[in-house]
Amino acid sequence: MMIPIKSAREISLMRRAGEITAAARALAGKMVTPGVTTREIDQAVYRFIKSKGAVPSFLHYNGYPASVCISVNDEVIHGIPGSRRLREGDIVSIDVGAYIDGFHGDCADTFPCGHVSEEAKRLIAVTRQSFYEGIAYAKPGNRLFDISHGVQTYVEKHGYSVVRDYVGHGVGANMHEAPEVPNFGPAGRGVRLIPGMTLAVEPMVNAGAHLVRRLRDGWTVVTKDGSLSAHYENTILITEGEAEILTRLPSGE
Ligand code: MF3
Ligand code: CO
């Protein structure tokens, strides 16, 4: 599959989509408090994205019924918002996409609900840092799996495992484009990275084993061993130098 290389004009449109998506993630994260329902978060994000003149990328994607994915504790990804009330001690992964002027942003983060265990805090921190360890390799001259290897090495060094069955992806005019971006793999392999590539790099990290299964709702992915899982994702741009994070607020958040 051909990897789309974005023009300067397309990149500025993706910055705009990315900023709205990052703002939606921040808004959702602030709502993660004991007693809130996941549906309330979904509805607030829907309204926010629409108020910016954008469209929630996930809504109706392959029949997906909501604007965000909210995955709690042992849920890895693709949790469907509903009547569930968040509780003190939960860890809550929120994944969101926004589409505007022909381009998507895609990002995720895992938020603690009130006070969480030290182990949960460490899992969240390692997952987030694994993204930065990976994108340290996201520059011209390197190859795609250098990113993957950077994520995997850091995660496993900390005694956690990376999910294998779901991967990151190119993102742009389509939410999922070439290439697939695994969070595991051999350094020095994969396509060469070229300025203008835009990628969703998204480590999904389990405290226990890497194996996952999908629930009967057809969407929610959970760890097979019931261990906690965290997710962190940004849309990045390959530049001549360091990768630029497109799903970022002007404040840098
Ligand atoms: N960010 C998710 C991904 O990269 C998209 C969620 S799929 C949806 O796969 F169907 F839930 F929208
Ligand atoms: Co994604």
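The values are calculated or read from the model by the stated rules, or taken from the named source; none is laboratory data. Treat the numbers as computed from the prediction; the structure is a model and nothing was measured. Positions of Cβ are backbone-derived with ideal geometry, glycine not excepted, and every protein chain shown enters the neighbour counts. Each accessible area value is taken on the protein alone, full model and side chains, heavy atoms only, with ligands, DNA and RNA left out. Shrake-Rupley method; radii C 1.70, N 1.55, O 1.52, S 1.80 Å.
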On the phi < 0 side of the Ramachandran plot, under 17 Å from the mean Cα position of the chain (by Cα), surrounded by fewer than 18 Cβ atoms within 10 Å (Cβ to Cβ) and not in a helix (DSSP H, G or I) - does that describe any residue in region 111-119?
-> yes
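The rows are residues; the columns are (1) within 15 Å of ligand 2 (Cβ to nearest atom); (2) out of contact with any Asp or Glu (no Cβ under 6 Å at 6 or more places or on another chain); (3) on the phi > 0 side of the Ramachandran plot.
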site	(1), (2), (3)
ARG164	no, yes, no
ALA178	yes, yes, no
PHE184	no, yes, no
ALA187	no, no, no
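Among the candidates HIS176, HIS169, HIS158, which residue alone is at pLDDT 95 or above and open to solvent by 70 Å² or more (accessible area, probe 1.4 Å)? Walk me through it before giving the result.
Values: HIS169 fails: open to solvent by 70 Å² or more (accessible area, probe 1.4 Å); HIS158 fails: open to solvent by 70 Å² or more (accessible area, probe 1.4 Å).
The conditions single out HIS176.
Has region 4-13 got at least one residue that is within 16 Å of ligand 1 (Cβ to nearest atom) and either closer than 26 Å to SER161 by Cβ or modelled with pLDDT of 95 or more (or both)? So that I can check it myself, show each step before the final result.
Step one: list which residues in region 4-13 are within 16 Å of ligand 1 (Cβ to nearest atom), which gives none.
Taking every residue of region 4-13 in turn, none turns out to be within 16 Å of ligand 1 (Cβ to nearest atom) and either closer than 26 Å to SER161 by Cβ or modelled with pLDDT of 95 or more (or both).
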Checked region 148-189 for anything more than 15 Å from the chain's Cα centre (by Cα) and of a type in the set (A, V, I, L, M, F, W, C); matches are VAL155, ALA173, ALA178, PHE184, ALA187
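Hey, could you check region 243-253 for residues that are in a loop (DSSP other than H, G, I, E, B) and touching a strand residue (DSSP E or B) at 6+ places or on another chain (Cβ under 8 Å) and say which is surrounded by the fewest Cβ atoms within 10 Å (Cβ to Cβ)? I'd like the intermediate steps shown before the answer.
Within region 243-253, the first condition is being in a loop (DSSP other than H, G, I, E, B), and the residues that meet it are 243, 246-253.
The next check asks that each one be touching a strand residue (DSSP E or B) at 6+ places or on another chain (Cβ under 8 Å); those that pass are 243, 246-248.
Values: ALA243: 23, LEU246: 26, THR247: 29, ARG248: 20.
Top of the filtered list is ARG248.
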Those residues of region 205-242 that are assigned to a loop (DSSP other than H, G, I, E, B), open to solvent by less than 20 Å² (accessible area, probe 1.4 Å) and either aliphatic (A, V, I, L, M) or over 27 Å from GLU156 (Cβ atoms) (or both) come to a total of 1
Among (1) within 12 Å of ligand 1 (Cβ to nearest atom); (2) more than 15 Å from ILE147 (Cα to Cα); (3) hydrophobic (A, V, I, L, M, F, W, C), where does ALA178 come up short?
-> (1)
Which is within 17 Å of SER93 (Cα to Cα), within 16 Å of ligand 1 (Cβ to nearest atom) and touching a His at 6+ places or on another chain (Cβ under 9 Å), of ARG164, ARG214?
-> ARG214
